[in-house]
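The values are calculated or read from the model by the stated rules, or taken from the named source; none is laboratory data. Just so it is clear, the structure is predicted and the values come from calculations on it, not from any experiment. FYI the Cβ positions are ideal-geometry reconstructions off the backbone, even for glycines, and counts take in every protein chain you see. Just so you know, the surface numbers come from the protein's heavy atoms only, side chains and all, with ligands and any DNA or RNA stripped out. Shrake-Rupley method; radii C 1.70, N 1.55, O 1.52, S 1.80 Å.
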Amino acid sequence: HRAGGDAEATARLFDKILRADTHGHVKAMLKGNSKEQYLPANLPADQVDRLPNLPGVYYFHDIKKKVIYVGKARNLQQRVKSHFSNNDKSSRKQEFMRKIYGVSFEPCGNELMALILESTEIRRLWPVYNRSQKRFEYKYGLYSFEDQSGFIRLGIEKKKPHLEPLYTFSQLQEGHVVMRRLIREHRLDDALCFLAKQRLNLNDDPAEYNLRVKTALDTLRCGLPSFALLTDGLSLKDQSCILIERGRFYGMGYIPHDYQVSDLNQLKESLTPYADNDYIRGLVYQYAEKNPDKRLSFSEALKLGA
């Protein structure tokens, strides 16, 4: 065969390499479970070995220790290893591998907390290799202002970056449903809520009308749920607590199994506050709906451990 000479030369070279390998490096590399075989060249194997088999969030760092990727895992060690176990030869993947110089982690009591922390960290650190949760989201908010005639007007608009909405919606239609309910139940004017062109009652007194608007908004706020989710903790001695306060995600943390609180503020002192967003709120509400036994309304949460 015309390639016979090349094959023979390769075999002789390989034989010399094997004879010179007094420390067994070749044998170690030939093993299918060799760590060095799949780890990036610049990532120390001992950092991967230290990863626990627990839920949590992991961070890949570049040569300057800057975070370039954040991910969540049900099993930190398995998930990190899975990044390096395929044969993806794309230029982006190879560039990503070359830039990984370290990995750190933050353990979580359960996968839900890992999902929440991952979302928070991606938005805080804005890692270059994360794509998900960095796209612009079209959210809507309920806003109010007083017009030149002294009437408080309500409107549903795209969420403004520097103005806190009274309430948020994932879709415009959802906002209109809430607005029409407020109009119907509190006798508000469609035009003053930007749902009609002409006012129905031109004889309304601003002070009397504004009182109805304030009552409508108070009713809306009071109708928002406040509840805690109690799930698995980091150890057998504690449990994780995720708090929704008046419809918004407040934060999360760990409390003892026998923890008791007398008011909401006392519970909040044991938790770490985090920024609220629609994605996190959706995760919590979905979990609460699927696991009603883990959900405690605030009145019930006062009896934690009782």
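At a glance:
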item: Identity of the residue in region 85-124, under 30 Å from residue 276 (Cβ atoms) and basic (Lys, Arg), that ends up surrounded by the fewest Cβ atoms within 10 Å (Cβ to Cβ); result: 124
item: Subset tally (residues that are open to solvent by 10 Å² or more (accessible area, probe 1.4 Å), within 24 Å of residue 54 (Cα to Cα) and part of a strand (DSSP E or B)) for region 232-248; result: 3
item: Search result, residues across region 26-44 that are surrounded by 12 or more Cβ atoms within 10 Å (Cβ to Cβ) and at pLDDT 70 or above; result: 26, 38, 39, 40, 42, 43, 44
item: Total residues in region 263-275, condition in contact (Cβ under 8 Å) with a residue 24 or more places away in the chain, over 14 Å from residue 226 (Cα atoms) and open to solvent by less than 70 Å² (accessible area, probe 1.4 Å); result: 3
item: Residues that are at pLDDT below 95, surrounded by fewer than 20 Cβ atoms within 10 Å (Cβ to Cβ) and part of a strand (DSSP E or B), drawn from region 251-262; result: 256
item: Close pairs from region 38-62: first without any contact (Cβ under 8 Å) to a residue 40 or more places away in the chain, partner assigned to a loop (DSSP other than H, G, I, E, B) and open to solvent by less than 50 Å² (accessible area, probe 1.4 Å), Cβ under 6 Å, at least 6 apart; result: 45/39; 53/75
item: Matching residues, region 64-84, being in contact (Cβ under 8 Å) with a residue 24 or more places away in the chain, open to solvent by 60 Å² or more (accessible area, probe 1.4 Å) and more than 16 Å from residue 46 (Cα to Cα); result: 65, 74
item: Meets criteria (free of Cβ contacts under 8 Å to residues at least 24 places away in the same chain, assigned to a helix (DSSP H, G or I), open to solvent by 80 Å² or more (accessible area, probe 1.4 Å) and not aliphatic (A, V, I, L, M)) for residue 198; result: no
item: Filtered residues of region 176-194 (kept if open to solvent by less than 40 Å² (accessible area, probe 1.4 Å) and farther than 22 Å from residue 276 by Cα); result: 179, 182, 183, 186, 188, 189, 190, 191, 192, 193
item: Yes/no for residue 215 being modelled with pLDDT of 90 or more and surrounded by 13 or more Cβ atoms within 10 Å (Cβ to Cβ); result: yes
item: Sole residue being out of contact with any Leu (no Cβ under 8 Å at 6 or more places or on another chain) and aromatic (Phe, Trp, Tyr), chosen from 151, 105, 96; result: 96
item: Matching residues, region 130-175, being of a type in the set (Phe, Trp, Tyr), open to solvent by less than 70 Å² (accessible area, probe 1.4 Å) and at pLDDT 85 or above; result: 140, 143, 151, 167
item: Pairs with Cβ under 8 Å, 6+ apart, first in region 236-248 and at positive phi, second open to solvent by 50 Å² or more (accessible area, probe 1.4 Å) and assigned to a strand (DSSP E or B); result: 247/167
